[in-house]
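Engineer: Let me begin by handing over the structure; questions about it come next.
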Amino acid sequence: MSTLTQNDIEIATRAAENFTRLYYTTYDSPTRIDDLPNFYRANSALTWNGRPFEGVEGVRELVSGIPVTKHEVQSFDCHPIPGSQPPSLLVTVSGIVTHGKGPSGNPANTPRHAVDGHPRVFSQTFVLAPDPNAPPTKSGEVAKYYITADALRFVG
């Protein structure tokens, strides 16, 4: 197993920051059904609140079945996984997500635990792998990654 350098950690952190910003911006966009699956590959695994989905089509099926979203990322952390160059990344994200139009857009009789309309605290963990089909990066550049595994859970 290779040893990580401070430079590896800094580059991995930048990659995770870029990924997090781009991923949630895409997830909340009107074109998410077409664009979000591009972060995944055919063999990617996704678990959404205990429900498994597989690959690009699984992601498309998931996002097609849930209302529009607004994510507020409150924190993220990144851990490079030694063994490849650039390293794979373990990225954990926490924040708040609102589905639909928010509480003011719901009828008064909407159940409190309904997904649509109520802000929910979430935790999401990604394993990102370097994309072998991306052009090579230069020293100090952030590598291109894809999601190999993704697990989201509502925690509040």
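The values are calculated or read from the model by the stated rules, or taken from the named source; none is laboratory data. Just so you know, these numbers come straight off a predicted model, no measurement behind them. Please note: Cβ atoms are built from the backbone with ideal geometry, for glycine as well, and neighbour counts cover all protein chains shown. Only protein heavy atoms, including side chains, enter the accessible area calculation; ligands, DNA and RNA are left aside. Shrake-Rupley method; radii C 1.70, N 1.55, O 1.52, S 1.80 Å.
Engineer: Name every residue in region 1-53 that is at positive phi and in contact with a strand residue (DSSP E or B) (Cβ under 7 Å, 6 or more places away or on another chain), in order of residue number.
Structural biologist: ASN49
Engineer: Which one of THR26, THR3, THR20 is assigned to a loop (DSSP other than H, G, I, E, B) and either in contact (Cβ under 8 Å) with a residue 40 or more places away in the chain or in contact with a helix residue (DSSP H, G or I) (Cβ under 6 Å, 6 or more places away or on another chain) (or both)?
Structural biologist: On the way: THR26 fails: assigned to a loop (DSSP other than H, G, I, E, B); THR20 fails: assigned to a loop (DSSP other than H, G, I, E, B).
THR3 is the lone residue from the list that is assigned to a loop (DSSP other than H, G, I, E, B) and either in contact (Cβ under 8 Å) with a residue 40 or more places away in the chain or in contact with a helix residue (DSSP H, G or I) (Cβ under 6 Å, 6 or more places away or on another chain) (or both).
Engineer: What pairs come out if I take residues in region 75-102 that are at positive phi and in contact (Cβ under 8 Å) with a residue 12 or more places away in the chain and pair them with residues that are basic (Lys, Arg) and open to solvent by 60 Å² or more (accessible area, probe 1.4 Å) whose C-beta lies under 8 Å away, six or more apart or interchain?
Structural biologist: The qualifying pairs are GLY102/LYS70.
Engineer: Only one of ASP77, ASP8, ASP34 is farther than 14 Å from ALA129 by Cα, open to solvent by 40 Å² or more (accessible area, probe 1.4 Å) and part of a helix (DSSP H, G or I); which?
Structural biologist: Working: ASP77 fails: part of a helix (DSSP H, G or I); ASP8 fails: open to solvent by 40 Å² or more (accessible area, probe 1.4 Å).
On inspection, the qualifying residue turns out to be ASP34.
Engineer: Would you check which residues across region 110-144 are hydroxyl-bearing (Ser, Thr, Tyr), open to solvent by less than 50 Å² (accessible area, probe 1.4 Å) and at pLDDT below 90 and list them?
Structural biologist: Correct list: THR110 only.
Engineer: Related question: Which count do you get for residues in region 48-74 that are open to solvent by 50 Å² or more (accessible area, probe 1.4 Å) and more than 30 Å from GLU10 (Cβ to Cβ)?
Structural biologist: Looking only at region 48-74, we keep the residues that are open to solvent by 50 Å² or more (accessible area, probe 1.4 Å), and these are 51-52, 54, 57, 60-61, 64-65, 68, 70, 72-74.
Adding the requirement that they be more than 30 Å from GLU10 (Cβ to Cβ) leaves 51-52, 54, 57, 60-61, 64-65, 68, 70.
Summing the residues that are open to solvent by 50 Å² or more (accessible area, probe 1.4 Å) and more than 30 Å from GLU10 (Cβ to Cβ) in region 48-74 gives 10.
Engineer: Could you grab me the full set of residues in region 11-30 that are open to solvent by 70 Å² or more (accessible area, probe 1.4 Å) and of a type in the set (Val, Ile, Thr)?
Structural biologist: As a first pass, look at region 11-30 and keep what is open to solvent by 70 Å² or more (accessible area, probe 1.4 Å): 14, 17, 21-22, 25, 30.
If the condition is that a residue be open to solvent by 70 Å² or more (accessible area, probe 1.4 Å) and of a type in the set (Val, Ile, Thr), then THR25 is the only one that fits.
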